[in-house]
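Structure first, then comments.
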Amino acid sequence: MCARLISVDEAAESGWIAVCDLDRLQAETIVRIAGRDLLVIWNDGYVVACDRACPHEQADLGLGQVTAGRLLCPRHAASFDLRDGAIAAGWPSPPLRLYPAKVEGGQIWIEAGERRPGR
Ligand code: FES
């Protein structure tokens, strides 16, 4: 997997932030957001925004892989459910933090200031 770094308007400290076009996210799967340490992931028809740092030992999840609805950490291979951030059973770690994300007008938007409730 290859994560691409993009810049987000630093003035947008709260509320919804435009990240990139849906076409770009679909082509690259994961986009790292500069200055925010977040990942935006296209997974099987929906968009997910999450922390870039693994909650286990802070590995860069932008170097991980997305498989069957799970994000696989590149360091110790724990995986996270992209629907609610839950870590695979047996790992002594909190879940991956997710953020509200949506597609509107062909654009990906995230709300980086709030936690997305689990589904
Ligand atoms: S740092 Fe991600 S599983 Fe250990």
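Results, tabulated for the structure shown:
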read-out	value
Positions within region 86-101 being part of a loop (DSSP other than H, G, I, E, B) and either within 13 Å of the ligand (Cβ to nearest atom) or among the aromatic types (F, W, Y) (or both), in sequence order	A88, G90, W91, P92, S93, P94, P95, L96
Residue match in region 103-110 (condition: crowded, with 20+ Cβ neighbours inside 10 Å and closer than 17 Å to W16 by Cα)	yes
Of all residues making up region 50-82, the number that are more than 9 Å from the ligand (Cβ to nearest atom), exposed (fewer than 15 other Cβ atoms within 10 Å of the Cβ) and not aliphatic (A, V, I, L, M)	2
Given (1) at pLDDT 90 or above; (2) more than 16 Å from the ligand (Cβ to nearest atom); (3) β-branched (V, I, T), number of the condition I6 does not satisfy	(1)
Residue list for region 27-49, filter: surrounded by 16 or more Cβ atoms within 10 Å (Cβ to Cβ) and assigned to a loop (DSSP other than H, G, I, E, B)	T29, R36
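The values are calculated or read from the model by the stated rules, or taken from the named source; none is laboratory data. What you see is a predicted model; the values in this text were computed from it and never measured. Here the Cβ is made from the backbone with ideal geometry for all residues, glycine too, and neighbour counts use every protein chain on show.
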